[in-house]
Each structure stands twice: as structure tokens, then as C-alpha cells.
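The values are calculated or read from the model by the stated rules, or taken from the named source; none is laboratory data. The model shown is predicted, which means the values in this text are computed figures rather than measured ones. Cβ: placed from backbone, ideal geometry, glycine included. Neighbour counts: every protein chain shown. We work out accessible area using only protein heavy atoms, side chains counted, and drop any ligands, DNA or RNA first. Shrake-Rupley method; radii C 1.70, N 1.55, O 1.52, S 1.80 Å.
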Amino acid sequence: ERLLGVFFTYIQMKKSQYKTKILQRAIFWNPNEVVYPKPKFSKNNIPIVMTSSDYFVPYAAAALLSIVKESTAENNYDIIFLYSFISDKTILEQTVKGRNNFAIRFFCVSPMLKKYKFISNNHVSIETFYRLFVQKIFFQYDKIIYIDSDVIVKSDLAKLYFTNIGNNLLGATVDPDWISQYNGAIPKVKINCKKKLKLKNL
């Protein structure tokens with residue numbers, strides 16, 4: 001640590017092949033402390049959680065644009081993307097730029113993945129599993145909407161948010177694609193659904 005400054009001064013004086021630049025010093029306080037999201041708006045806050053990867057940003061931007069187009073002025077839309085790496089968030093941020101009733105934030109889930117081994121394939125990416133952390137991340141919210149980033153929204157998501165699901169932990173729809181996998185050629189899928197997940201009426 002102490003010799004780094006000496007070495008840096010040395011290569012500057014020698015005018016070697018290394019290019020150097022001095023930037024403003026930054027101090028990172030409590031780098032291991034995780035700051036979990038809180039509702040962004042105090043009134044009519046509609047939290048919408050999505051996931052994305054670097055590759056998936058254009059598709060997520062299309063989904064986000066459809067949310068914006070179907071939004072209404074009386075509601076406030078609290079958009080949070082779960083991610084591990086996105087090199088450029090500009091297109092997502094620009095989609096809601098200038099809209100006072102929209103906020104967009106990003107929550108990195110990488111530290112949460114260390115003790116798990118998720119297996120991806122051509123159909124299911126690692127980002128698919130990020131939704132499993134929703135309950136832990138958004139404990140300061142009473143309710144959220146989670147949607148995939150490859151959808152086009154055709155109605156105001158506030159209607160979905162204000163749908164009464166009673167005392168149920170989760171509201172969801174039937175997925176025909178999953179039913180086909182459940183009744184497909186891999187018996188392990190059906191066994192896990194019944195014995196581990198305790199799912200019924202599939």
C-alpha cells in the first residue's frame with residue numbers, strides 16, 4: 001500500500017510506456033452493507049420488479065416502454081431491476097426520463113448468489129432465479145408486482161397492483177408452458193412439484 005505511491009511517481013518520472021491519470025479520491029464506507037429498497041413514493045406507489053442482464057437490456061427496455069405507455073398520471077411507478085451485471089443502463093433510464101411519476105433503480109443481487117448453485121440452460125437464464133430473492137429484498141414493501149422483462153404490457157399495471165388477493169401470499173396466473181413441462185417426458189419435474197413444492201391442481 002505504501003510503496004504504491006512511490007511506484008506511481010517512479011513510472012511518471014521515467015515516462016515509461018504506461019499511461020497514468022490521477023482522479024479524485026473516493027472513499028467507500030461500509031462496502032459490505034446492503035441497502036435494501038424502500039418505497040420511492042409516499043402516495044400511490046406501484047412497485048414493479050424486473051430482472052435483466054447485459055444481453056437482455058433491449059428487451060427489458062421494450063417491456064419498460066410498454067409500462068410507461070399504459071401508465072396513468074394519478075399513480076407513481078417504482079421500478080426496480082434486479083441484476084448482476086449491466087454495462088450500460090442508459091437505455092432503461094432514458095425510457096422514464098422526464099416522467100415525474102416514474103423512478104427507476106437497480107439492485108445488484110450478486111452477493112446473494114454466492115451460497116447457491118443455479119443451473120441455467122438455453123431457456124432458463126441465471127436471472128430467472130433472481131425472483132426467488134424478492135421476499136428478502138423487498139421486506140419493506142407490503143406488496144409488489146414482479147413481471148418478466150420479455151413481456152409487453154397492454155394495460156395499466158396499477159390495476160393489477162390494486163387487485164385484492166386477500167390473505168394470500170402470492171397472486172399468479174396459470175402458465176400453459178409450465179404445465180406442458182410438468183406433464184412432459186422428464187418425471188423429475190412432476191415429482192419435485194408434488195413432493196418438494198407441494199403444488200396441486202396442475
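Any idea which residue in the stretch 55-69 is farthest from residue 81 (Cα to Cα), counting only those that are among the hydrophobic types (A, V, I, L, M, F, W, C) and open to solvent by 50 Å² or more (accessible area, probe 1.4 Å)? Write out each step before concluding.
Pass one, the stretch 55-69, residues among the hydrophobic types (A, V, I, L, M, F, W, C): 56-57, 60-65, 67-68.
Now drop any that are not open to solvent by 50 Å² or more (accessible area, probe 1.4 Å), which leaves 56, 65.
On the way: 56: 12, 65: 14 Å.
Residue satisfying both the conditions and the ranking: 65.
Of the numbered conditions (1) open to solvent by less than 70 Å² (accessible area, probe 1.4 Å); (2) modelled with pLDDT under 90; (3) more than 21 Å from residue 83 (Cβ to Cβ), residue 120 fails exactly one; give the number of that condition.
(3)
I want to confirm something. Restricting to the stretch 147-202 and keeping residues that are in contact (Cβ under 8 Å) with a residue 40 or more places away in the chain and open to solvent by 90 Å² or more (accessible area, probe 1.4 Å), which single residue is nearest to the chain's Cα centre (by Cα)?
150
What's the number of the condition residue 72 fails, among (1) over 25 Å from residue 158 (Cβ atoms); (2) in a loop (DSSP other than H, G, I, E, B); (3) among the β-branched types (Val, Ile, Thr); (4) open to solvent by less than 60 Å² (accessible area, probe 1.4 Å)?
(1)
Considering only residues that are in contact with a helix residue (DSSP H, G or I) (Cβ under 6 Å, 6 or more places away or on another chain) and farther than 25 Å from residue 67 by Cα, which ones fall in the stretch 148-192?
Listed by number, the residues that qualify are 181, 182, 189, 190.
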